[in-house]
Amino acid sequence: MRLYDTATRALKELPPPPGPVRMYFCGPTVYQHIHIGNARPFVLSMWLKRWLERTGYDVTLVENITDVNDKIYAAAPGDSARLAQDASGWYVEDTSLLALGRPDREPKATESIAEIVAMIEELIASEHAYESGGDVYFRVASFPAYGKLSGRHGDDEATRNPSEEAEEGELKEDPRDFALWKGHKEGEDTWWESPWGRGRPGWHIECSAMAEAHLGPVFEIHGGGIDLVFPHHENEIAQSRALGHDFAQLWMHNGMLRLSGEKMSKSLGNIVSLREAVERWGRETLLVYFLGGHWRKPLDYSDEVLRQAAAQAESFRNVFRQASEPGGDWNVLAAALDDDFNTPEALAVMHGWRDHELLPRALEVFGLESLVEEPEVPAEIEKLALAREDARARGDFSAADGLRDDIEAEGWEVRDEAGGYRLVRQR
Ligand SMILES: [Zn+2]
């Protein structure tokens, strides 16, 4: 099994099964329902976990929830703790709609403060960090390998930590330095006491501390969106390796989702929530859609692409409406997945299979085993179909056509067959 590693810019072999494979993926900052782009690392990590487990690996997947942050304070001034708690619940509910299972552990930053403070204390003791005006900053000059992951080394504008959080430039020794702890500010309703006074952790240290708390000082895979390479992951590496911890051995970064050719992001306002997408297209279509894009590449989100995915899901259902045709080689599928987890190729392989034993086993890896079963027809759709039969029997074809349209508007297609009709779900 090999995967592309951002750090070495090459494919890297995983240790042979059973591993272990310990994985940490950066989860969302919670202040509203997550968008479909945020769902991509979740889907990727769950599929990778499922595949590795089925190939004999001992996998532990940790995915954090960032529940203290400037964005959360800004979204609910004075009441951010409650918003963060509600939005953490929405995140779990929304991603559970995909029915892929859950990561083994989902730590929250607010429940990991002791580990975070301990790590900051170690960094100060070893002179990799310093206290300044109630904040604590990482001293980038003390870590010569800084910039290796992202290829950003120089002291230029791009290296000045365009963090997702505002920082007090005048408190830093060096513009590249980044906050590990931030002193409490007026109006912030979430804070903890610390050796540096009242405050709360910076975003980057949360992930170093939570990853190490749950997986140890060295683990196999760290993942997240490609937009996290710099500064977030660069800073995680600096914090952990400055303390002599080997940290992640392989860095996986998934491509962004694009809406009308632009990166989907909350700040651009061009977002579709995961919940809306599941309600509109159904989980099976969404999962087939994600399968169709290589995890490292950008993926366009549009009605047209989703309609194609719906048609692909339907073509799998059609296989199970016909007789099984034994044949197909599991090893071909395994080779595609073991070579940088190439799901578009795996999808193409599965489309070539008509074997009612083999295909469900493959679909199950991706949470798509439900495509085997004919979905249950809701009573109201059945009623419309029967009314259409009556209209046809009376020779009232315009009424029959109208009823067909009503059925289609509900996402079902009525197919006339010898001796009656059949209802087929379209999405
Ligand atoms: Zn993170």
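Before moving on, here are some points about what is shown:
- Rh (Kirkwood; distinct C-alpha pairs) - segment 280-345, Å: 13.4
- Applying the Karplus relation 6.51 cos²θ - 1.76 cosθ + 1.60 with θ = phi - 60° to segment 383-393 yields 3J(HN,Hα) values of 4, 4, 5, 5, 4, 5, 4, 4, 4, 5, 5 Hz, where x marks Gly and Pro.
- Computing Rg and the Kirkwood Rh from the Cα coordinates of segment 243-382 gives a ratio, Rg/Rh, of 1.04.
- Highest-fluctuation residue, 133, 89, 402 considered, GNM on the chain with Cα pairs under 10 Å: 402
- Neighbour-limited loop hits for GluC sites (Glu not before Pro), segment 83-157 (at most 11 other Cβ within 10 Å; DSSP other than H, G, I, E, B): 127
- One equal scatterer on each Cα of the chain, no solvent, Debye formula: the resulting log10 I(q)/I(0) at q = 0.06, 0.10, 0.12, 0.13 Å⁻¹ is -0.31, -0.76, -1.00, -1.13.
- Under 5 Å from the amide H of residue 412 lie the amide H atoms of 426, each residue being 5 or more positions distant or on a separate chain, with H modelled from the backbone and absent for Pro and chain starts.
- Over the chain: helical MRE at 222 nm, DSSP H runs n ≥ 4 each giving -39500 (n - 2.57), nearest 500: -12000 deg cm²/dmol
- Fraction of accessible area attributable to carbon and sulfur, the chain (%, probe 1.4 Å): 49
- Amide hydrogen neighbours beyond the local backbone of residue 354, cut-off 5 Å, H modeled: 325
- Heavy-atom surface of segment 1-124, accessible at 1.4 Å and reported per residue (Å²): 37
- From phi via Karplus (6.51, -1.76, 1.60), per-residue ³J(HN,Hα) for segment 407-418 in Hz, x at Gly/Pro: 5, 5, 4, 8, x, 10, 10, 9, 10, 7, 9, 3
The values are calculated or read from the model by the stated rules, or taken from the named source; none is laboratory data. All values derive from a computational prediction rather than experimental measurement. Don't worry about glycine lacking a Cβ; one is built from the backbone with ideal geometry, like all the others, and counts go over all protein chains shown. To get the accessible areas, we keep the full protein, side chains included, count just its heavy atoms, and leave off ligands, DNA and RNA. Shrake-Rupley method; radii C 1.70, N 1.55, O 1.52, S 1.80 Å.
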